[in-house]
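Reviewing the structure listed below.
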Amino acid sequence: MAAAAPWLLLAALALAAGAALAEDRPRRLLGAPLEAEANEEGVQRALRFAMSEYNKASNDKYRSRVAEVVQARKQIVSGIKYYLDVKVGRTTCTKSDSEDKECAFHEGPELAKHVTCSFVVYTVPWLNRISLLENNCQ
């Protein structure tokens with residue numbers, strides 16, 4: 001029994017050191033949304049999908065695209081939920097133009113249209129599923 005005492009003491013010290021270091025970091029809840037980088041592959045895929053759905057639902061002659069990513073978060077659930085807050089602008093490309101074409105934003109005040117949108121995109125990459133759960137633009 002005496003031989004086990006040094007190991008118990010080391011384990012207790014390791015736990016105490018870990019707890020002291022953890023106090024400096026904010027606590028994260030398991031399954032809570034986390035900040036994501038706008039350039040992450042998953043975020044970019046979710047943005048492309050959200051904008052494609054946005055443009056399909058719009059009656060506008062022109063295609064819109066993301067002008068700025070304000071905030072991107074992701075949440076691991078039974079897939080991945082992306083919470084995207086973006087500024088969207090109207091481009092000079094019509095909807096009949098190829099989506100691969102890089103389009104400039106309209107500059108004239110009569111055609112320039114900018115909105116702020118919050119999208120929630122749910123994806124299950126291993127099943128190749130993606131859906132737009134929320135689309136709130138103002």
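Observations on the structure shown:
- Any hit, the range 70-87, residues being touching a helix residue (DSSP H, G or I) at 6+ places or on another chain (Cβ under 7 Å), surrounded by 13 or more Cβ atoms within 10 Å (Cβ to Cβ) and more than 19 Å from Ala36 (Cβ to Cβ): no
- With respect to (1) touching a His at 6+ places or on another chain (Cβ under 6 Å); (2) open to solvent by 50 Å² or more (accessible area, probe 1.4 Å), the lone exception for Lys101 is condition (1).
- Entry remark, the range 104-131: residues being out of contact with any Leu (no Cβ under 9 Å at 6 or more places or on another chain) and either over 19 Å from Arg48 (Cβ atoms) or open to solvent by 50 Å² or more (accessible area, probe 1.4 Å) (or both) number 18 in total.
The values are calculated or read from the model by the stated rules, or taken from the named source; none is laboratory data. In this text the structure is predicted, and so the values were computed from the model without any measurement. Here Cβ is always computed from backbone atoms with ideal geometry, including for glycine, and neighbour counts include all displayed protein chains. All accessible areas refer to the heavy atoms of the entire protein, side chains included, with ligands and DNA or RNA removed. Shrake-Rupley method; radii C 1.70, N 1.55, O 1.52, S 1.80 Å.
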